[in-house]
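S.K.: What follows is a structure written as structure tokens; I'll ask about it next.
The values are calculated or read from the model by the stated rules, or taken from the named source; none is laboratory data. Predicted, not measured: the structure shown is a model, and the values here were computed from it. Cβ placement follows ideal geometry from the backbone for every residue including glycine, while neighbour counts extend to all protein chains displayed. Calculation scope for accessible area: heavy atoms of the full protein, side chains included, ligands and nucleic acids excluded. Shrake-Rupley method; radii C 1.70, N 1.55, O 1.52, S 1.80 Å.
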Amino acid sequence: MRSWRIVLISALALVTVGCSSDEKPAAPKPSPTKAVTLKEPCAVLAGDAVGKAIERQSVTGAPGPDQNTAANGGKAKTCVYSAEGKQVGALAVTRYDGNKVKPDAMIAGIKEKKPGARDIPGLAEGALYYVEEAKTATLVAAKVVGGVPILVSYSGPAKMTAEQMTPLVKQAIDAE
């Protein structure tokens with residue numbers, strides 16, 4: 001069960017963040033802009049990249065559960081990374097169709113809910129790193145792609161540093 005815990009905590013936290021700021025989300029409506037189709041998380045961040053970051057061999061990625069929240073348009077796809085039968089992390093990519101929340105508002109909403117979260121400068125349009133309950137470390141970054149707000153998050157064991165996670169999240173968010 002613990003293997004899915006990191007993914008579910010990460011994805012659920014990110015899917016709900018689109019409504020967590022003072023900025024009211026727009027009601028979903030057809031957009032004249034081109035539809036944004038996110039790439040599969042396992043395709044944008046291979047197990048080899050995760051293995052290099054955490055200095056482990058034979059890391060593999062497998063699709064995790066999708067998480068959708070109708071209230072804010074959040075649709076998350078996930079990839080779970082494992083080595084030697086143990087989970088070593090998870091990537092969640094969430095898009096907010098029909099919600100015009102800005103990246104700075106998304107980051108501010110997360111920061112408000114995650115005491116001790118610290119800004120990661122130079123990554124996307126805003127990024128944070130935080131550790132929860134001394135068990136899970138998360139780095140999340142936000143940007144707008146084709147008019148749609150996007151959050152990319154990597155969660156792993158609490159011992160993972162922002163320096164280890166930054167290239168993973170950068171690779172994933174740059175691929176969108």
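S.K.: What single numbered condition from (1) touching a strand residue (DSSP E or B) at 6+ places or on another chain (Cβ under 6 Å); (2) modelled with pLDDT under 95; (3) open to solvent by 50 Å² or more (accessible area, probe 1.4 Å) fails to hold for Val148?
M.R.: Tallying (1) touching a strand residue (DSSP E or B) at 6+ places or on another chain (Cβ under 6 Å); (2) modelled with pLDDT under 95; (3) open to solvent by 50 Å² or more (accessible area, probe 1.4 Å), Val148 fails exactly one: (3).
S.K.: Looking at (1) in a strand (DSSP E or B); (2) farther than 20 Å from Glu40 by Cα, can you tell me which one Val140 breaks?
M.R.: With respect to (1) in a strand (DSSP E or B); (2) farther than 20 Å from Glu40 by Cα, Val140 is out only on (2).
S.K.: Right, next: Could you give me the residue pairs with C-beta distances under 6 Å whose first residue belongs to segment 95-109 and is under 23 Å from Gly122 (Cβ atoms) and aliphatic (A, V, I, L, M), whose second residue is assigned to a loop (DSSP other than H, G, I, E, B) and modelled with pLDDT under 90 wherever it lies, and which are 6+ apart or on separate chains?
M.R.: So the pair list comes out as Val101/Gly18; Val101/Glu23; Val101/Pro25; Ala105/Ser21; Ala105/Glu23; Ala108/Ser21.
S.K.: Where in segment 1-92 are there helices (runs of 4 or more DSSP H), lying fully within it, with 1 or more residues that are surrounded by fewer than 19 Cβ atoms within 10 Å (Cβ to Cβ) and at pLDDT 60 or above?
M.R.: On the way: elements: 2-17, 41-44, 47-54.
Passing ranges, in order: 41-44, 47-54.
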